[in-house]
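Presented below is the structure to which this report refers.
The values are calculated or read from the model by the stated rules, or taken from the named source; none is laboratory data. These figures come from a predicted structure and were not determined experimentally. Here the Cβ positions follow ideal geometry from the backbone for every residue, glycine too, while neighbour counts run over all protein chains shown. For accessibility, only protein heavy atoms count, side chains too; no ligands or nucleic acids. Shrake-Rupley method; radii C 1.70, N 1.55, O 1.52, S 1.80 Å.
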Amino acid sequence: MPIRAERIAADLEAIAGCTLSPGAGADRPTFSAAWRAARDHVLAEAERAGCHWRVDAAGNVHVRPRGVAWSRRAWLSGSHLDSVPHGGDFDGVIGVVAALETLRAAHDEGRTDLPLELVVFAEEEGTTFGLGMLGSRGWAGTLDAAALAALHDAHGRTWWEAGADCGAAADRLAAERLDPAAYAGFLEVHIEQGPAMWAHDRHVALVTAIAGRRQYSVSLRGVANHAGSTGMDERHDALAGAAEVITALECLPDLLGDHAVATVGRISVEPNAVNVIPARAEFTIDLRAPLDRMLDAGDARIRALVTAAATRRGLDHEIRRTESLPAVRLDDALAARVRAAAAGLGLEPLPEAVSGALHDAAILAPLVPTVMLFVASRDGVSHNPAEFSRLDDVVAATRLLAAVVGTAPEPG
Ligand code: HGY
Ligand code: MN
Ligand code: MN
């Protein structure tokens, strides 16, 4: 199939222009005007390539060649168009564009029956509604309508209120659940978002596992008091307590093992005044590791750290685990199919990688044979306007995707 670099480049440029903060990176919250514009670009391209599309009750967008009925078993490929605030132009986008270009290339060849479905998952990042992979979890059934109704965006709208004019509908969610038998496999093309491939001059890699993730919201409550007349040993300073925990968290991954990481990405302080001892500090913890036993050990240490700091300082504390996703091993048989296709393209030996970042692939992997293809990220930078991947690498990954899905899947 004739994969064309200039079409991929045009997609990347068009979608990069769909942002709420022009000149300051990708700002594409799910269901926002910028997200709808990016989605509409993909749909316009897909319609020109002889495709039809639908939106499922969770708000995810699905595209197939008109000659492929929705009931026919097919390959699935795609990713997300939503971004973190001021993110990069490649995260999620290259997975959508790779599948779109594969559909266009098939159309160029007059193939109206390529058994490939493009999917654009809603809210992969979790920075719009506070929890990640919402569209894929709503479709897969690991989140129900009530759970999605309990989430709110910055405007106080629930998933269903914010997504209503983008096709999200709570009353249809259960009926439109993913049917695993309908798909031969899911392939997600994504940027590595880490330094290894770029540093070792690897351009495309096969991802064989995805790290597990635990996320927490920690609340410390002390006593507001006068910054000038309160002695240091008379304080119940919630922010100082948070600082003690955050500093200790930086050392935690070394105790858990290789590829474990911990991040405090968000903190709020009350009353947040220069001359008042902070009464309240609330912060998030994001813990990742390639093995569940490492996550379990990290969970216990996080709870011990917070309790010790709070006790020492006379603070009340609360630890809420807001997410717990297991480490995921991807599908061996589909991986072998990818390696064989790579050999046919001269991309051998195909490097392999473990993903520290989470992806919708982690949600689908328990239900549908799943693999990912990574494309190198310049200096590993991601979730940042400086995020960059080489067009040639995106093209190479797209060619590999096309080679895998170009042959009809075995019957289910
Ligand atoms: O947070 C992640 O791992 C992904 O980028 N959403
Ligand atoms: Mn992503
Ligand atoms: Mn991301």
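What is the magnitude of the charge dipole of the chain about its Cα centre, with +1 placed on the Cβ of each Lys and Arg, -1 on the Cβ of each Asp and Glu, and no other charges, expressed in debye to the nearest 20?
480 debye
Any idea what the alpha-carbon Rg over 2.2 N^0.38 Å comes to for region 1-118?
Working: Rg = 14.0 Å, N = 118, 2.2 N^0.38 = 13.5 Å.
Taking N as the residue count of region 1-118, the ratio is 1.04.
Please compute the length gained on full extension between THR247 and ARG48, using 0.36 nm multiplied by the number of residues separating them and subtracting their Cα-Cα distance.
Full extension of this stretch gives 66.3 nm more.
Once you mark the GluC sites (Glu not before Pro) that are in a DSSP loop and have at most 16 other Cβ atoms within 10 Å, what is the longest gap between them in the chain?
Result for the longest clean stretch: 177-412.
For the charge dipole of the chain, defined by +1 on Lys and Arg C-beta atoms and -1 on Asp and Glu C-beta atoms about the Cα centroid, which residue among GLY67, THR307, GLY110 has the Cα displaced farthest towards the positive pole?
Towards the positive end, the residue furthest out is GLY67.
Using only the alpha carbons, work out the radius of gyration and Dmax of region 115-269 in angstrom.
21.6, 73
First measure r as the distance between the Cβ atoms of VAL276 and THR142, then evaluate 1/(1 + (r/R0)^6) with R0 = 35 Å and state the FRET efficiency to the nearest 0.05.
0.25
Could you work out the equivalent-ellipsoid semi-axes for region 148-188, taking the square root of 5 times each eigenvalue of the Cα gyration tensor, largest first, in whole Å?
On the way: eigenvalues 139, 32, 15 Å².
They are 26, 13, 9 Å, listed from largest to smallest.
Work out, step by step, the length gained on full extension between THR311 and ARG111: first 0.36 nm times the residue separation, then minus their alpha carbon distance; give nm to one decimal.
Going from the current span to full extension adds 65.3 nm.
When every alpha-carbon pair in region 302-350 is counted, what percent end up more than 14 Å apart?
Percentage above 14 Å: 70.
Regarding region 64-168, what whole-number volume in Å³ per residue does the convex hull of its Cα atoms give?
Working: hull volume 11.7 nm³, N = 105.
Cα-based convex hull of region 64-168, divided per residue, equals 111 Å³.
Ordering MET133, MET1, MET232 from largest to smallest accessible area (1.4 angstrom probe), what's the sequence?
Ranking MET133, MET1, MET232 by accessible area, largest first, yields MET232, MET1, MET133.
Please compute, over every Cα-Cα pair in the chain, the percentage with a separation greater than 34 angstrom.
Percentage above 34 Å: 32.
For region 145-292, which whole percent of the accessible surface, found with a 1.4 angstrom probe, sits on carbon and sulfur atoms?
Ligands and nucleic acids excluded, carbon and sulfur reach 53 percent.
Do me a favour and compute the ellipsoid semi-axes for region 189-286 from its Cα gyration tensor, root of five times each eigenvalue, largest one first, whole Å.
For region 189-286, the semi-axes come out at 40, 13, 12 Å.
log10 I(q)/I(0), Debye, Cα-only region 256-343, no solvent, q = 0.19 Å⁻¹?
One equal scatterer on each Cα of region 256-343 leads to -0.99.
Label 7 Å along Cα→Cβ of ARG390; region 189-229 residues with amide nitrogen under 13 Å?
So the set is 197-205.
Suppose the chain between ASP258 and HIS152 were pulled fully straight at 0.36 nm per residue; how much longer would it get relative to their current alpha carbon spacing?
Between ASP258 and HIS152, full extension yields 34.6 nm more.
Output wanted: per-residue J couplings in Hz (rounded whole) for region 107-114, from phi through Karplus 6.51 cos²θ - 1.76 cosθ + 1.60, θ = phi - 60°, x for Gly and Pro.
5, 4, 8, x, 7, 9, 10, 4
Past the 11 angstrom mark, what percentage of all C-alpha to C-alpha distances in region 357-399 do you count?
Percentage above 11 Å: 71.
Taking amide H positions as placed in the peptide plane 1.01 Å from N, state which residues far from ASN384 in sequence (5 or more) or on other chains have amide H under 5 Å from it.
GLY88
Accessible area per residue of the chain at 1.4 Å probe, in Å²?
Numbers: 16580 Å² over 412 residues.
Value for the chain: 40 Å² per residue.
Once the Cα gyration tensor of region 123-174 is found, what semi-axes does its equivalent ellipsoid get, as square roots of 5 times the eigenvalues, in whole Å, sorted largest first? Walk me through the numbers before you get to the answer.
On the way: eigenvalues 45, 34, 17 Å².
In descending order the semi-axes read 15, 13, 9 Å.
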